[in-house]
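The values are calculated or read from the model by the stated rules, or taken from the named source; none is laboratory data. None of these values were measured; they are calculated from a predicted model. As a convention, Cβ positions derive from the backbone with ideal geometry for all residues, glycine included, and neighbour counts pool all protein chains shown. Accessible surface areas use protein heavy atoms only, side chains included; no ligands, DNA or RNA. Shrake-Rupley method; radii C 1.70, N 1.55, O 1.52, S 1.80 Å.
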Amino acid sequence: MSSKEHRIVLLDGGMGQELKRRSDRPATPLWSAQVMLDEPQLVTAVHRDFIDAGARIITTNNYSATPQRLARDGDPAMFVPLQAAALNAARQAREESSQAVRIAGCLPPLVASYHHEVVPDDAICLRDYRRLVQVQAEGVDLFLCETMTLAREALAATRAAVEHGIPVWVAFTVDDSDGTRLRSGEPLAEAARAVVAAGAEAVLVNCSVPEAVTTAMSTLADLGMPFGGYANGFTAAADLAPGGTVEALETREDLDPAGYAEHACRWVEQGATIVGGCCEVSPAHIAALTERLTAEGYRLVSA
(Lines give C-alpha, C1' and ligand atoms only; values in the text may rest on other atoms or scores of the structure.)
Protein backbone atom coordinates (compact mmCIF):
# COMPACT_ATOMS: atom_id res chain seq x y z
CA MET A 1 0.00 0.00 0.00
CA SER A 2 1.42 3.41 -0.96
CA SER A 3 1.66 6.37 1.41
CA LYS A 4 -1.13 8.07 -0.50
CA GLU A 5 -3.41 5.12 0.16
CA HIS A 6 -2.63 5.44 3.86
CA ARG A 7 -4.19 8.92 4.02
CA ILE A 8 -7.57 9.42 5.66
CA VAL A 9 -9.53 12.66 5.70
CA LEU A 10 -11.08 12.89 9.16
CA LEU A 11 -14.25 14.92 9.53
CA ASP A 12 -15.67 16.30 12.76
CA GLY A 13 -18.72 14.96 14.60
CA GLY A 14 -22.19 16.14 15.56
CA MET A 15 -22.28 19.85 16.37
CA GLY A 16 -25.95 20.08 17.33
CA GLN A 17 -25.95 17.33 19.91
CA GLU A 18 -22.68 18.53 21.42
CA LEU A 19 -24.12 22.03 21.81
CA LYS A 20 -27.23 20.55 23.40
CA ARG A 21 -25.03 18.90 26.02
CA ARG A 22 -23.11 22.10 26.77
CA SER A 23 -25.91 24.66 26.73
CA ASP A 24 -28.40 25.24 29.51
CA ARG A 25 -31.00 26.44 27.03
CA PRO A 26 -33.81 24.14 25.82
CA ALA A 27 -33.67 22.56 22.37
CA THR A 28 -35.61 24.42 19.68
CA PRO A 29 -36.65 23.47 16.12
CA LEU A 30 -33.75 25.61 14.87
CA TRP A 31 -31.38 23.25 16.71
CA SER A 32 -27.86 24.64 16.80
CA ALA A 33 -28.61 27.86 14.89
CA GLN A 34 -30.23 29.38 17.98
CA VAL A 35 -26.94 28.96 19.82
CA MET A 36 -25.26 31.21 17.25
CA LEU A 37 -27.43 34.01 18.62
CA ASP A 38 -27.32 33.17 22.32
CA GLU A 39 -23.97 31.50 22.99
CA PRO A 40 -21.66 31.82 19.95
CA GLN A 41 -18.59 31.05 22.06
CA LEU A 42 -19.89 27.50 22.53
CA VAL A 43 -19.81 26.90 18.78
CA THR A 44 -16.17 27.97 18.51
CA ALA A 45 -15.32 25.80 21.50
CA VAL A 46 -16.94 22.71 19.96
CA HIS A 47 -15.10 23.28 16.67
CA ARG A 48 -11.84 23.56 18.62
CA ASP A 49 -12.53 20.36 20.54
CA PHE A 50 -13.15 18.45 17.33
CA ILE A 51 -9.92 19.82 15.84
CA ASP A 52 -8.01 18.93 19.00
CA ALA A 53 -9.52 15.43 18.75
CA GLY A 54 -8.02 15.02 15.27
CA ALA A 55 -10.63 16.34 12.82
CA ARG A 56 -9.05 18.02 9.82
CA ILE A 57 -12.29 19.20 8.23
CA ILE A 58 -14.88 21.09 10.28
CA THR A 59 -18.36 21.88 8.96
CA THR A 60 -20.03 25.24 9.50
CA ASN A 61 -22.81 25.39 12.08
CA ASN A 62 -25.59 26.53 9.76
CA TYR A 63 -27.48 23.26 9.24
CA SER A 64 -30.83 24.65 10.37
CA ALA A 65 -30.40 28.19 9.03
CA THR A 66 -32.14 27.67 5.68
CA PRO A 67 -34.74 30.08 4.28
CA GLN A 68 -37.51 27.53 4.81
CA ARG A 69 -36.60 26.64 8.39
CA LEU A 70 -36.18 30.27 9.40
CA ALA A 71 -39.56 31.13 7.90
CA ARG A 72 -41.19 28.26 9.81
CA ASP A 73 -39.31 28.37 13.12
CA GLY A 74 -37.60 31.74 13.41
CA ASP A 75 -37.04 34.99 11.53
CA PRO A 76 -36.10 35.06 7.81
CA ALA A 77 -34.14 38.27 8.44
CA MET A 78 -31.62 36.20 10.43
CA PHE A 79 -30.49 34.26 7.36
CA VAL A 80 -27.41 36.36 6.54
CA PRO A 81 -26.37 37.06 10.16
CA LEU A 82 -26.57 33.37 11.07
CA GLN A 83 -24.50 32.33 8.07
CA ALA A 84 -21.88 34.96 8.89
CA ALA A 85 -21.77 33.90 12.53
CA ALA A 86 -21.29 30.26 11.55
CA LEU A 87 -18.41 31.12 9.24
CA ASN A 88 -16.79 33.34 11.87
CA ALA A 89 -16.96 30.61 14.53
CA ALA A 90 -15.32 28.07 12.23
CA ARG A 91 -12.60 30.49 11.13
CA GLN A 92 -11.86 31.51 14.70
CA ALA A 93 -11.51 27.88 15.78
CA ARG A 94 -9.16 27.14 12.91
CA GLU A 95 -7.01 30.18 13.66
CA GLU A 96 -6.80 29.33 17.36
CA SER A 97 -5.84 25.73 16.63
CA SER A 98 -2.91 26.52 14.26
CA GLN A 99 -3.74 23.24 12.50
CA ALA A 100 -4.07 22.59 8.76
CA VAL A 101 -7.86 22.45 8.86
CA ARG A 102 -10.29 22.97 6.00
CA ILE A 103 -13.74 24.47 6.49
CA ALA A 104 -16.70 22.79 4.78
CA GLY A 105 -19.72 24.93 4.07
CA CYS A 106 -22.91 23.10 4.94
CA LEU A 107 -25.67 22.70 2.34
CA PRO A 108 -28.38 20.88 4.33
CA PRO A 109 -31.93 19.73 3.55
CA LEU A 110 -33.93 22.93 3.06
CA VAL A 111 -37.04 21.92 5.01
CA ALA A 112 -36.39 18.89 7.23
CA SER A 113 -33.99 16.01 7.77
CA TYR A 114 -35.02 12.51 6.64
CA HIS A 115 -38.28 13.59 4.95
CA HIS A 116 -38.02 13.43 1.15
CA GLU A 117 -41.73 14.16 0.79
CA VAL A 118 -41.30 17.79 1.90
CA VAL A 119 -38.45 18.69 -0.48
CA PRO A 120 -39.45 21.76 -2.54
CA ASP A 121 -39.65 21.68 -6.33
CA ASP A 122 -36.47 21.86 -8.37
CA ALA A 123 -36.66 25.59 -9.08
CA ILE A 124 -36.99 26.49 -5.40
CA CYS A 125 -34.24 24.06 -4.43
CA LEU A 126 -31.81 25.56 -6.91
CA ARG A 127 -32.76 29.14 -5.94
CA ASP A 128 -32.27 28.59 -2.24
CA TYR A 129 -29.13 26.47 -2.51
CA ARG A 130 -27.69 29.29 -4.60
CA ARG A 131 -28.51 31.66 -1.74
CA LEU A 132 -26.72 29.40 0.73
CA VAL A 133 -23.71 29.04 -1.56
CA GLN A 134 -23.52 32.78 -2.21
CA VAL A 135 -23.30 33.73 1.47
CA GLN A 136 -20.75 31.03 2.32
CA ALA A 137 -18.51 30.87 -0.76
CA GLU A 138 -15.89 33.41 0.36
CA GLY A 139 -15.29 31.65 3.66
CA VAL A 140 -15.17 27.93 2.89
CA ASP A 141 -12.74 25.50 1.26
CA LEU A 142 -15.37 23.06 0.03
CA PHE A 143 -19.11 22.52 0.17
CA LEU A 144 -20.68 19.52 1.87
CA CYS A 145 -24.21 18.75 0.71
CA GLU A 146 -25.31 16.58 3.62
CA THR A 147 -28.21 14.42 4.76
CA MET A 148 -29.64 14.38 1.24
CA THR A 149 -32.75 12.16 1.12
CA LEU A 150 -33.61 12.62 -2.54
CA ALA A 151 -31.53 12.57 -5.72
CA ARG A 152 -32.98 15.78 -7.14
CA GLU A 153 -32.40 17.60 -3.85
CA ALA A 154 -28.75 16.56 -3.95
CA LEU A 155 -28.47 17.55 -7.60
CA ALA A 156 -29.79 21.04 -6.93
CA ALA A 157 -27.31 21.55 -4.09
CA THR A 158 -24.45 20.16 -6.18
CA ARG A 159 -25.23 22.35 -9.18
CA ALA A 160 -25.50 25.48 -7.04
CA ALA A 161 -22.09 24.81 -5.46
CA VAL A 162 -20.34 23.77 -8.66
CA GLU A 163 -21.26 27.14 -10.19
CA HIS A 164 -18.75 28.76 -7.79
CA GLY A 165 -15.90 26.45 -8.73
CA ILE A 166 -15.45 25.22 -5.15
CA PRO A 167 -15.04 21.47 -4.51
CA VAL A 168 -18.34 19.76 -3.71
CA TRP A 169 -18.90 16.62 -1.66
CA VAL A 170 -22.32 15.01 -1.36
CA ALA A 171 -23.51 12.95 1.60
CA PHE A 172 -26.74 10.96 1.29
CA THR A 173 -28.75 9.62 4.20
CA VAL A 174 -29.89 6.06 3.58
CA ASP A 175 -32.64 3.80 4.84
CA ASP A 176 -31.50 2.48 8.21
CA SER A 177 -32.65 -1.01 7.25
CA ASP A 178 -31.27 -0.91 3.68
CA GLY A 179 -28.04 0.96 3.09
CA THR A 180 -28.33 0.55 -0.67
CA ARG A 181 -31.30 2.95 -0.85
CA LEU A 182 -31.88 6.57 0.08
CA ARG A 183 -34.61 7.36 2.58
CA SER A 184 -36.72 8.22 -0.49
CA GLY A 185 -36.37 4.62 -1.69
CA GLU A 186 -34.19 5.60 -4.64
CA PRO A 187 -31.11 3.44 -5.28
CA LEU A 188 -28.00 4.97 -3.74
CA ALA A 189 -25.92 3.91 -6.73
CA GLU A 190 -28.05 5.89 -9.19
CA ALA A 191 -28.16 9.00 -6.99
CA ALA A 192 -24.40 8.83 -6.46
CA ARG A 193 -23.68 8.56 -10.17
CA ALA A 194 -25.99 11.52 -10.84
CA VAL A 195 -24.18 13.89 -8.47
CA VAL A 196 -20.79 12.76 -9.75
CA ALA A 197 -21.94 13.56 -13.28
CA ALA A 198 -23.03 16.99 -11.99
CA GLY A 199 -19.57 17.68 -10.57
CA ALA A 200 -19.36 16.18 -7.08
CA GLU A 201 -15.79 15.18 -6.21
CA ALA A 202 -16.65 12.76 -3.38
CA VAL A 203 -19.75 10.86 -2.27
CA LEU A 204 -20.54 9.89 1.30
CA VAL A 205 -23.33 8.45 3.41
CA ASN A 206 -24.25 10.23 6.63
CA CYS A 207 -26.81 10.49 9.43
CA SER A 208 -27.82 6.84 9.20
CA VAL A 209 -27.10 3.98 11.60
CA PRO A 210 -23.51 2.68 11.31
CA GLU A 211 -24.67 -0.69 10.01
CA ALA A 212 -26.42 0.96 7.06
CA VAL A 213 -23.32 3.02 6.33
CA THR A 214 -21.28 -0.19 6.27
CA THR A 215 -23.67 -1.64 3.69
CA ALA A 216 -23.49 1.54 1.62
CA MET A 217 -19.70 1.47 1.37
CA SER A 218 -19.68 -1.41 -1.11
CA THR A 219 -22.05 0.57 -3.34
CA LEU A 220 -19.91 3.71 -3.21
CA ALA A 221 -16.71 1.72 -3.81
CA ASP A 222 -17.92 0.98 -7.33
CA LEU A 223 -17.97 4.69 -8.27
CA GLY A 224 -14.23 5.05 -8.75
CA MET A 225 -14.38 8.26 -6.70
CA PRO A 226 -13.31 9.20 -3.17
CA PHE A 227 -16.01 8.04 -0.77
CA GLY A 228 -16.75 7.62 2.90
CA GLY A 229 -19.25 7.91 5.69
CA TYR A 230 -20.23 9.48 8.98
CA ALA A 231 -23.02 7.84 10.94
CA ASN A 232 -25.32 9.01 13.72
CA GLY A 233 -25.88 7.49 17.13
CA PHE A 234 -29.68 7.47 17.17
CA THR A 235 -31.91 4.41 17.33
CA ALA A 236 -34.33 5.72 14.68
CA ALA A 237 -33.58 9.19 13.30
CA ALA A 238 -36.31 8.96 10.68
CA ASP A 239 -38.89 9.24 13.46
CA LEU A 240 -38.15 12.96 13.78
CA ALA A 241 -41.02 15.03 12.36
CA PRO A 242 -40.36 18.21 10.35
CA GLY A 243 -39.97 21.06 12.82
CA GLY A 244 -39.38 18.65 15.71
CA THR A 245 -36.47 18.85 18.12
CA VAL A 246 -33.78 16.34 18.96
CA GLU A 247 -35.41 15.79 22.34
CA ALA A 248 -37.68 13.32 20.53
CA LEU A 249 -34.81 11.02 19.52
CA GLU A 250 -33.29 8.17 21.50
CA THR A 251 -29.54 7.58 21.66
CA ARG A 252 -28.03 4.12 21.20
CA GLU A 253 -26.12 2.86 24.18
CA ASP A 254 -23.72 0.61 22.25
CA LEU A 255 -21.95 3.38 20.33
CA ASP A 256 -19.39 4.60 22.82
CA PRO A 257 -16.14 6.02 21.35
CA ALA A 258 -14.54 2.60 20.95
CA GLY A 259 -17.70 1.06 19.51
CA TYR A 260 -18.12 3.83 16.96
CA ALA A 261 -14.45 3.63 15.94
CA GLU A 262 -14.92 -0.06 15.27
CA HIS A 263 -17.65 0.70 12.73
CA ALA A 264 -15.70 3.54 11.10
CA CYS A 265 -12.62 1.35 10.69
CA ARG A 266 -14.76 -1.16 8.81
CA TRP A 267 -15.58 1.59 6.31
CA VAL A 268 -11.89 2.32 5.88
CA GLU A 269 -11.22 -1.38 5.33
CA GLN A 270 -13.79 -1.21 2.50
CA GLY A 271 -11.85 1.61 0.84
CA ALA A 272 -13.37 4.71 2.43
CA THR A 273 -10.92 7.60 2.65
CA ILE A 274 -13.25 10.15 4.31
CA VAL A 275 -14.75 9.33 7.72
CA GLY A 276 -16.15 11.18 10.69
CA GLY A 277 -19.33 11.38 12.72
CA CYS A 278 -22.80 12.87 12.68
CA CYS A 279 -25.39 13.40 15.44
CA GLU A 280 -24.34 12.01 18.85
CA VAL A 281 -20.71 11.58 17.76
CA SER A 282 -18.68 13.69 20.16
CA PRO A 283 -15.06 14.92 20.25
CA ALA A 284 -14.32 11.87 22.42
CA HIS A 285 -15.54 9.63 19.59
CA ILE A 286 -13.36 11.45 17.05
CA ALA A 287 -10.38 11.22 19.42
CA ALA A 288 -10.88 7.46 19.71
CA LEU A 289 -11.11 7.17 15.93
CA THR A 290 -7.95 9.26 15.55
CA GLU A 291 -6.09 6.99 17.95
CA ARG A 292 -7.32 3.83 16.23
CA LEU A 293 -6.49 5.00 12.69
CA THR A 294 -3.09 6.35 13.69
CA ALA A 295 -2.23 3.10 15.42
CA GLU A 296 -3.11 1.23 12.25
CA GLY A 297 -0.70 3.36 10.20
CA TYR A 298 -3.02 5.87 8.59
CA ARG A 299 -2.08 9.52 8.26
CA LEU A 300 -4.87 12.00 8.97
CA VAL A 301 -5.05 14.82 6.44
CA SER A 302 -7.40 17.61 5.38
CA ALA A 303 -7.31 16.83 1.66
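Of note:
- Condition broken by GLY233, with the remaining ones in (1) at pLDDT below 95; (2) surrounded by fewer than 20 Cβ atoms within 10 Å (Cβ to Cβ) satisfied: (2)
- Condition broken by ALA89, with the remaining ones in (1) at pLDDT below 95; (2) small (Gly, Ala, Ser); (3) crowded, with 23+ Cβ neighbours inside 10 Å satisfied: (1)
- The residue of the range 64-80 that is farthest from VAL140 (Cα to Cα), among those that are in a helix (DSSP H, G or I) and without any contact (Cβ under 8 Å) to a residue 24 or more places away in the chain, is ALA71.
- Residue match in the range 224-231 (condition: touching a helix residue (DSSP H, G or I) at 6+ places or on another chain (Cβ under 7 Å), outside any strand (DSSP E or B) and not hydrophobic (A, V, I, L, M, F, W, C)): no
- Taken together, ILE58, ILE103 contain a single residue that is β-branched (Val, Ile, Thr), in contact with a His (Cβ under 8 Å, 6 or more places away or on another chain), surrounded by 17 or more Cβ atoms within 10 Å (Cβ to Cβ) and within 23 Å of GLN41 (Cα to Cα), which is ILE58.
- Scanning the range 68-123 for residues that are hydrophobic (A, V, I, L, M, F, W, C) and touching a Lys or Arg at 6+ places or on another chain (Cβ under 9 Å) yields PHE79, ALA93, ALA100, VAL101, ILE103, LEU110, VAL111, ALA112, VAL119.
- In the range 61-86, residue most open to solvent (accessible area, probe 1.4 Å) [restricted to those that are among the polar types (S, T, N, Q) and more than 14 Å from HIS47 (Cα to Cα)]: GLN68
- Odd one out for LYS4 among (1) in contact with a helix residue (DSSP H, G or I) (Cβ under 6 Å, 6 or more places away or on another chain); (2) within 30 Å of ALA295 (Cβ to Cβ); (3) at pLDDT below 95; (4) not small (Gly, Ala, Ser): (1)
- Residue ID - surrounded by the most Cβ atoms within 10 Å (Cβ to Cβ), chosen from residues in the range 187-214 that are part of a helix (DSSP H, G or I) and not hydrophobic (A, V, I, L, M, F, W, C): PRO210
- Looking across LEU144, LEU70, one residue alone is of a type in the set (A, V, I, L, M) and within 22 Å of ARG183 (Cβ to Cβ). It is LEU144.
- Test: residue in the range 45-53 that is part of a loop (DSSP other than H, G, I, E, B), open to solvent by less than 70 Å² (accessible area, probe 1.4 Å) and basic (Lys, Arg): no
- Those strands (runs of 3 or more DSSP E) lying entirely in the range 109-186 with at least 3 residues over 28 Å from ARG91 (Cβ atoms) and open to solvent by less than 20 Å² (accessible area, probe 1.4 Å): none
- When the residues of the range 159-193 are filtered to those that are farther than 17 Å from CYS207 by Cα and among the small types (Gly, Ala, Ser), the one that is nearest to the chain's Cα centre (by Cα) is ALA161.
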